[in-house]
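To start, the structure itself, in structure tokens.
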């Protein structure tokens, strides 16, 4: 049995949906979640077999709670920079980029993780956090398009682009707006675990992911007997 993937999230005043959206999609696409749905709907054995599992670590500089940038949410770290386990995935949310100051312990963790070749994802202005650590120098990346011009001036060593909803350069994935971060993870899930796993994960959230161009081509479309397009998601039932 494959071990759960350790997903680390740095805790600072990020926009809530930058983290909650992607982590909820990962959780809804997990083996444990798929099994938990079986009392309600039929779930194929193959989907459960292919689905991964995740452990989420919210990493603080200390264990003190942090108020997020949006929604008046407060996050209490589940571990600290000094105590967190080895991570398979690092997820960076978007801060208020003009005023945010990247703490050196966070910068060191980011640099170690990226250098190790493990996956790093950022959503929205989280790319500015990565850029501040230096790991995006010479790399292609994107950021929320509202902050695009600012980012090109602030971090000119990064090959910024706004041609796609997310950009992959080596082991670093950067997404533009917050929901594009969910789309980015949807692509990663589909490519690594299959369309069935993604479809089930998205179904639980009633969410339809977009492709890299921002178009709804990821999940197969459905049509009624008259040829009219209907809701993409279909909830299976026991018979």
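All of the numbers you see were taken from the coordinates with simple rules; none came from a lab. Worth saying up front: this structure is predicted, and the values here are computed from it rather than measured. Ideal geometry is used to build each Cβ from the backbone, glycine not excepted, and the neighbour counts take in all protein chains shown.
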Taking residue 111 as meeting all but one of (1) farther than 19 Å from residue 12 by Cα; (2) out of contact with any strand residue (DSSP E or B) (no Cβ under 7 Å at 6 or more places or on another chain); (3) in a helix (DSSP H, G or I), write down the number of the exception. (1)
Elements of type helices (runs of 4 or more DSSP H) in region 1-91, at least 2 residues being without any contact (Cβ under 8 Å) to a residue 12 or more places away in the chain and under 20 Å from the mean Cα position of the chain (by Cα): none
Can you tell me which condition residue 219 does not meet? The list is (1) without any contact (Cβ under 8 Å) to a residue 60 or more places away in the chain; (2) touching a strand residue (DSSP E or B) at 6+ places or on another chain (Cβ under 9 Å); (3) closer than 29 Å to residue 48 by Cβ, and all the others hold. (2)
For residue 136, state whether it is touching a helix residue (DSSP H, G or I) at 6+ places or on another chain (Cβ under 8 Å), closer than 18 Å to residue 81 by Cα and in contact (Cβ under 8 Å) with a residue 12 or more places away in the chain. no
Taking region 74-94 as the search range and keeping residues that are closer than 28 Å to residue 150 by Cα and in contact with a helix residue (DSSP H, G or I) (Cβ under 6 Å, 6 or more places away or on another chain), which one is surrounded by the fewest Cβ atoms within 10 Å (Cβ to Cβ)? 90
Condition check for residue 183: free of Cβ contacts under 8 Å to residues at least 60 places away in the same chain, out of contact with any helix residue (DSSP H, G or I) (no Cβ under 9 Å at 6 or more places or on another chain) and either surrounded by fewer than 23 Cβ atoms within 10 Å (Cβ to Cβ) or outside any loop (DSSP other than H, G, I, E, B) (or both): yes
Restricting attention to region 220-237, which residues are under 26 Å from residue 42 (Cα atoms), part of a loop (DSSP other than H, G, I, E, B) and out of contact with any helix residue (DSSP H, G or I) (no Cβ under 6 Å at 6 or more places or on another chain)? 220, 221, 224, 225, 231, 232, 234, 235, 236, 237
Quick one: would you say residue 142 is within 16 Å of the chain's Cα centre (by Cα), crowded, with 19+ Cβ neighbours inside 10 Å and in contact (Cβ under 8 Å) with a residue 40 or more places away in the chain? no
I'd like to check something: does region 110-121 contain any residue that is surrounded by 16 or more Cβ atoms within 10 Å (Cβ to Cβ) and on the phi > 0 side of the Ramachandran plot? no
Would you point out which residue out of 210, 164 is in contact with a helix residue (DSSP H, G or I) (Cβ under 7 Å, 6 or more places away or on another chain), at negative phi and either surrounded by 14 or more Cβ atoms within 10 Å (Cβ to Cβ) or assigned to a loop (DSSP other than H, G, I, E, B) (or both)? 210
